[in-house]
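This is the structure, below, for whatever I ask next.
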Amino acid sequence: MVHPTESDTIPTHPVQPAPRLSMRTRSAIWVWSFLAIPVLFYCVIRFYPTFNAFWLSLTDWDLMSDAEFIGFENYRRMFADPGFWQTFRNTFAYLIYGTPISLLIAFVVAYYLDRVRFAHNFLRALYFMPYITTAAAMAWVWRWFYQPPPTGLINSALGELGFGQIEFLGSTTNALPAIMVTAIWAGLGFQIIIFMAGLRAIPDTYYEAARIDGLGEWTILRKITLPLLKPTTVFLVVFISIAFLRIFDQVYNMTTNDPGGPLGSTKPLVLMIYQTAFSSYDMGYAAAQTVVLFTILLVVSLLQLWILRDRA
Amino acid sequence: MQKRILMAGISAAACITAATSASAVEIEYWQYIYDTRVEAMDQLIENFEEANPDITVKQVTFPYADYQTRIVAANMARKGPDVMQLFYGWADKFIEGNLIQPLPEDTFPAAQIEEEFFPIVSAMKRDGEYYGLPTAVRSLALFWNKDLFEEAGIDGPPETLDELVEYGKELAVKNDAGNFETVGLTLDMAGQDHQWWREVLVRQMGGVPYNDDYSQVTYDDDAAGAEALEFYTNLQTEHGIGAAGFMDEGQAAFRAGRAAMTIDGTFRLGSFNSIEDFEWGVAELPANEEGVQSNYASYFANAIGSSAEGEELEASIKFLEYISSDEAMQIWLEVVGELPARRDAAMTDANMNDPIYGPFLAALPYAHTTLFVDEAAQRQTAIDMANRVFLQGQSPADSVAEAAEQEQAIIDDARD
C-alpha cells in the first residue's frame, strides 16, 4: 500500500526529502486528521462519560468522597421510591400524549399551509418563531399566563367573562397538560417545516395521475401523500419522542418555586436526575437514574424504528 | 556563551519569583455573586490590605446556582479557595468532603466564640471544634403594609397568632368573582413559610421539631406538628386569609401591594427597600397565647479551605479574624443590610431602636437554626406536606406523619 522506499533509492541526495506517499494514503491521512478532532471529542466528551455513568450507578459517589462500590443498591432504592415511579409515569405521559398530538397538529398545519399562497412566508415564519425562542423565556411567559388572578392573563380573562378560575400550574391534574401544551407549541415550528419539505418532495406527477384517475382528496391523502411521507414521519416521531423524553426546560422554569409541580405532578426524569445530582449531590443515585433514562431512550427509539420500518 | 546568558536569566527569574513570594502572599476568597455582598467584601478587602500590606486577597465570585459545584470541583482539582463563604447548612457535607478545616483554637477559642457570638453559631461546631464563623446573620420577621392596615382601621401589626388570624381576615379582600384582590397574609411554603412552620409554629404548639443534633424528626411525636400544620392550612381553608400560589410568590404579592402581611427574612430588605407605592413596617413574628416566641436564623459562614497551609494559612486566619470583627460586621450591616453576628456589634442602642433592624435583632437571642442535611429536599417535604392538605384533602395529622417519614429518610441517607 505505502511505498516509502522511493526516496531511499537516491542515497546521495544531500537533504533527505520527505517520504513520498501515494495519493490515496495522503488523502486518507487528511481525512483522518480532520475526523480525529470530532472522533476524539465524541470519545472523551460523549462516550467516556456515558460508560462511566454505568460504573458510577453502582457506587455511592457524592462528589466529595471517593466512590465506593455498592452493587445494585442505587437501583433497589430507585425502584422502591414512589417518587421515581411518579416521574416515570410523568415522563411517559409527556411522551404518549405529546408525540401524537404534536405530529397531528404539525401535519395538519403543514398540509394546509402548503396550499396557502397568500402570505405564505409570513405564516411560515410565524409558526417557526417559537422554535427559535429560548425555552426558558417562553416558559416564564407561560408561567405568568397561567397564574391565578389577578396576575394570570388566562384566568383574568375568564374572570372578566364571568367564569370561575382554573388552577393550572397549582393543580395536580392540570399542571402536566398545561406544561405539555407549551412544549408542543414550542416544537411545532420545526416539525411543520420538516413536514412541508417532505410534502414538497413528493412529485406532482403522482397527484396529476391520481386526479386523472378520478381519486378523491381523501384517497389521495391516504394512498399517496401519507405513504410517501413515511421517511419524514419516522424521523419526526423519533425526534419528537426523544425531545419529550428529555423534557426539562419548560418544567424547570415553570415550576421553580415547587420544582416538579405540586406533589411532583409534572416532574420528568431529567428534572429528577438534575435534582439528585446538583441539589443533593447524590451522583451515584443520579447516575442510576441516568442509566434508566438511557435505556428508555434506546428502547423507545429502536422500537419506533422497528415498528415504522420499511416493509417493502 | 549563549548557555551562560540563559543560565543567568533563569537564576534571575528564580530570584524574582522567590522575592515576590517572600514579601507578599496572595489568598483567594470565594463567595457567590450578589451585588451588595461583593461590594461589602471589596471594602473589607481594601481595609484589610491596608492594614496588612504583605497580603493580597483576591475575591472570586460565581453565580449562586453554580457556587457549591464550583467549590467541590475546585477542591477535587486541589485548587480550592483559601477562605470561602458557605451556608451553615452545607457544613456537614463540606467537613465530610474535607473541603474545610477547623479554625485554630488559639486564635478562635470556642469559649470566647460562644460568649461573643449569638448562640446560632453553634451550627458550625463539630466535636468541640468550630469550622467557620459568620460575618452576618439573618432572621425572619413579619412585614406589614402600613397603608392597607390604615385602610382597614387596624393600628399596628399583630402580636399574637390570634391577632394574626383576626387581622388577616379583616385585611383580605376578594372581588365579586370570589378571587383575592388582596390577601391578608401570603402563604408560600416554598418561601420562608416552611421555616416558620418548622422552627416557630411547631414550637408554639408545644412541640419540638427535631432532637438536639437534628438527627431525628420529632415534630410528629406529639400533636404539635399536626396542630401547627392545621393552623397554617386553616389560614387558607378556614379563614380565607390567603391562598397558596397567589401572585406566584409571596414576596411578589407583598411588593405589588396585594398582600397586607408576609413573613420573610432580612435578605428581602434590599428588594423591599425599593418599594415606593406604600409604606411598610417590620414586626417580630407573632407570639402564641402563652407568649412563646421563636424564630429561624441562618447565615453564611466564612471558613478556611482545607488546601490552605503555611503562610497562606496564616494569612487566611488573619483575614478571617478581620472579617469576623465588629468593624467588618458594621460595614456588612450598612452595605448588605444583614445583622451582625456578634452580640456587641448587634445589640447597640442604635441598632435595637432601628424600626427595621430592631425586630430582626430582637429575635436572635431566641432564634433556632435548623441543621439541614439537604435543604432543598427537606423544604420539598414541607411543600408537599401543605399541598397534600390543600390539594388532596388529606388530614393534617396524616400529612405530617408522611412528611416526617420522608424527611427522616433524607436525614438518614445523608448521615449514614
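Out of curiosity, is residue B:115 charged (D, E, K, R), within 12 Å of chain A (Cβ to nearest Cβ) and without any contact (Cβ under 8 Å) to a residue 24 or more places away in the chain? I'd like the intermediate steps shown before the answer.
Working: charged (D, E, K, R): yes; within 12 Å of chain A (Cβ to nearest Cβ): no; without any contact (Cβ under 8 Å) to a residue 24 or more places away in the chain: yes.
Taking the combined requirement at face value, the residue does not satisfy it.
Something else now. Taking segment A:21-45 as the region of interest, how many residues are assigned to a loop (DSSP other than H, G, I, E, B) and either in the same structural domain as residue A:283 (by TED's automatic domain parsing) or of a type in the set (A, V, I, L, M, F, W, C) (or both)?
Residues of segment A:21-45 assigned to a loop (DSSP other than H, G, I, E, B): A:21-22.
From the residues that got through so far, the ones that are either in the same structural domain as residue A:283 (by TED's automatic domain parsing) or of a type in the set (A, V, I, L, M, F, W, C) (or both) too are A:21.
So the answer is 1.
Search segment B:244-280 for residues being of a type in the set (D, E, K, R) and touching a residue at least 12 places away in the same chain (Cβ under 8 Å), and hand back the single one that is farthest from the other protein chains (Cβ to nearest Cβ).
Here the residue is B:279.
Residues checked against (1) buried (at least 22 other Cβ atoms within 10 Å of the Cβ); (2) of a type in the set (A, V, I, L, M):
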position	(1), (2)
A:228	no, yes
A:269	yes, yes
A:274	no, no
A:281	no, no
A:295	no, no
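Further question: So which residues in segment B:210-232 are part of a helix (DSSP H, G or I) and on the phi > 0 side of the Ramachandran plot? So that I can check it myself, show each step before the final result.
Filtering segment B:210-232 down to residues part of a helix (DSSP H, G or I) leaves B:224-232.
Matches in segment B:210-232: none.
Between residues in segment B:382-395 that are within 11 Å of another protein chain (Cβ to nearest Cβ) and residues that are among the acidic types (Asp, Glu) and assigned to a loop (DSSP other than H, G, I, E, B), which pairs lie under 8 Å by C-beta distance while being six or more apart or on different chains?
Final answer for the pair search is B:383/A:258; B:387/A:258.
Please find, among A:202, A:212, A:192, the residue that is more than 14 Å from chain B (Cβ to nearest Cβ) and buried (at least 20 other Cβ atoms within 10 Å of the Cβ).
Residue meeting the stated conditions: A:192.
Out of all the residues in segment A:244-260, which are touching a Phe, Trp or Tyr at 6+ places or on another chain (Cβ under 9 Å) and farther than 30 Å from residue B:252 by Cβ?
Listed by number, the residues that qualify are A:244, A:245.
Next question, about the same structure. Are any of the residues in segment B:80-91 assigned to a helix (DSSP H, G or I), out of contact with any helix residue (DSSP H, G or I) (no Cβ under 8 Å at 6 or more places or on another chain) and modelled with pLDDT under 95?
There is no residue in segment B:80-91 that is assigned to a helix (DSSP H, G or I), out of contact with any helix residue (DSSP H, G or I) (no Cβ under 8 Å at 6 or more places or on another chain) and modelled with pLDDT under 95.
Does segment A:99-117 include one or more residues that are in contact with a Phe, Trp or Tyr (Cβ under 7 Å, 6 or more places away or on another chain) and surrounded by fewer than 19 Cβ atoms within 10 Å (Cβ to Cβ)?
no
For segment B:346-361: of the residues being out of contact with any Pro (no Cβ under 6 Å at 6 or more places or on another chain) and of a type in the set (A, V, I, L, M), which is nearest to residue B:157 (Cα to Cα)?
Across segment B:346-361, the extreme among qualifying residues is B:356.
Here is a yes/no grid of residues against (1) surrounded by fewer than 21 Cβ atoms within 10 Å (Cβ to Cβ); (2) at pLDDT below 95:
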| position | (1), (2) |
| --- | --- |
| B:306 | yes, yes |
| B:326 | yes, yes |
| B:336 | no, yes |
| B:339 | no, yes |
| B:346 | no, yes |
| B:349 | yes, yes |
| B:403 | no, no |
| B:407 | no, no |
| B:413 | yes, yes |
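Right, another one. Which one is farthest from residue B:249 (Cα to Cα) among residues in segment A:156-166 that are buried (at least 16 other Cβ atoms within 10 Å of the Cβ) and more than 8 Å from chain B (Cβ to nearest Cβ)?
A:158
If I go through segment A:251-267 residue by residue, how many of them are at positive phi and either at the interface with chain B (Cβ under 9 Å from one of its Cβ atoms) or surrounded by fewer than 24 Cβ atoms within 10 Å (Cβ to Cβ) (or both)?
The qualifying residues number 3.
Rundown of residues vs (1) buried (at least 16 other Cβ atoms within 10 Å of the Cβ); (2) under 22 Å from residue B:90 (Cα atoms), yes/no style:
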position: B:104; (1), (2): no, yes
position: B:109; (1), (2): no, no
position: B:115; (1), (2): no, no
position: B:123; (1), (2): yes, yes
position: B:130; (1), (2): yes, yes
position: B:142; (1), (2): yes, no
position: B:157; (1), (2): yes, no
position: B:161; (1), (2): yes, no
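In segment B:286-304, which residue that is buried (at least 24 other Cβ atoms within 10 Å of the Cβ) and either more than 30 Å from residue B:99 (Cβ to Cβ) or aromatic (Phe, Trp, Tyr) (or both) is modelled with the lowest pLDDT?
Taking the candidates together, the pick is B:299.
Among residues belonging to segment A:137-153 that are buried (at least 21 other Cβ atoms within 10 Å of the Cβ) and within 7 Å of chain B (Cβ to nearest Cβ), point out the one that is farthest from residue A:165 (Cα to Cα). I'd like the intermediate steps shown before the answer.
First pass over segment A:137-153, keeping only residues buried (at least 21 other Cβ atoms within 10 Å of the Cβ): A:139, A:142-143, A:146-149, A:152.
Filter again for within 7 Å of chain B (Cβ to nearest Cβ), leaving A:147-149.
Numbers: A:147: 10, A:148: 7, A:149: 8 Å.
The qualifying residue farthest from residue A:165 (Cα to Cα) is A:147.
State all residues of segment B:73-104 that are away from chain A (no Cβ under 12 Å), in contact with a strand residue (DSSP E or B) (Cβ under 7 Å, 6 or more places away or on another chain) and over 15 Å from residue B:300 (Cα atoms); if no residue qualifies, say none.
So the first thing to find is which residues in segment B:73-104 are away from chain A (no Cβ under 12 Å), and the list is B:77-79, B:81-89, B:91, B:101-104.
Filter once more, so that each one left must be in contact with a strand residue (DSSP E or B) (Cβ under 7 Å, 6 or more places away or on another chain): B:81-88, B:101-103.
Matches in segment B:73-104: B:81, B:82, B:101, B:102, B:103.
Moving on to the next point. Of these, B:133, B:103, which one is in contact (Cβ under 8 Å) with a residue 12 or more places away in the chain and either closer than 26 Å to residue B:283 by Cβ or touching a Gly at 6+ places or on another chain (Cβ under 9 Å) (or both)?
Exactly one residue qualifies, and that residue is B:103.
Among the residues of segment A:46-85, write down those that are assigned to a helix (DSSP H, G or I), under 18 Å from residue A:277 (Cα atoms) and within 12 Å of chain B (Cβ to nearest Cβ).
Matches in segment A:46-85: A:73, A:74, A:77, A:83.
Can you pull out the residues in segment B:42-72 that are within 12 Å of chain A (Cβ to nearest Cβ) and exposed (fewer than 13 other Cβ atoms within 10 Å of the Cβ)?
Residue satisfying the conditions is B:65 alone.
Would you call residue A:297 without any contact (Cβ under 8 Å) to a residue 60 or more places away in the chain, away from chain B (no Cβ under 12 Å), of a type in the set (A, V, I, L, M) and touching a Leu at 6+ places or on another chain (Cβ under 8 Å)?
Judged against the criteria, residue A:297 is a match.
Just give me the residues in segment A:222-252 being farther than 30 Å from residue A:143 by Cα and touching a residue at least 24 places away in the same chain (Cβ under 8 Å), in sequence order.
Of everything in segment A:222-252, those that are farther than 30 Å from residue A:143 by Cα and touching a residue at least 24 places away in the same chain (Cβ under 8 Å) turn out to be A:225, A:228, A:229, A:230, A:231, A:232, A:233, A:234, A:235.
Next up: Output the residue which, of all residues in segment A:175-189 that are closer than 15 Å to residue A:147 by Cα and touching a Ser or Thr at 6+ places or on another chain (Cβ under 9 Å), is nearest to the other protein chains (Cβ to nearest Cβ).
Among residues in segment A:175-189 that are closer than 15 Å to residue A:147 by Cα and touching a Ser or Thr at 6+ places or on another chain (Cβ under 9 Å), the one nearest to the other protein chains (Cβ to nearest Cβ) is A:175.
Select from segment A:124-136 the residues that are in a helix (DSSP H, G or I) and of a type outside the set (A, V, I, L, M, F, W, C) and write down the one among them that is nearest to the other protein chains (Cβ to nearest Cβ).
Restricting to residues being in a helix (DSSP H, G or I) and of a type outside the set (A, V, I, L, M, F, W, C), the top hit is A:130.
The values are calculated or read from the model by the stated rules, or taken from the named source; none is laboratory data. Everything quoted here is computed from the prediction, not taken from an experiment. In this analysis, Cβ positions are derived from the backbone assuming ideal geometry, glycine residues included, and neighbour counts consider all displayed protein chains.
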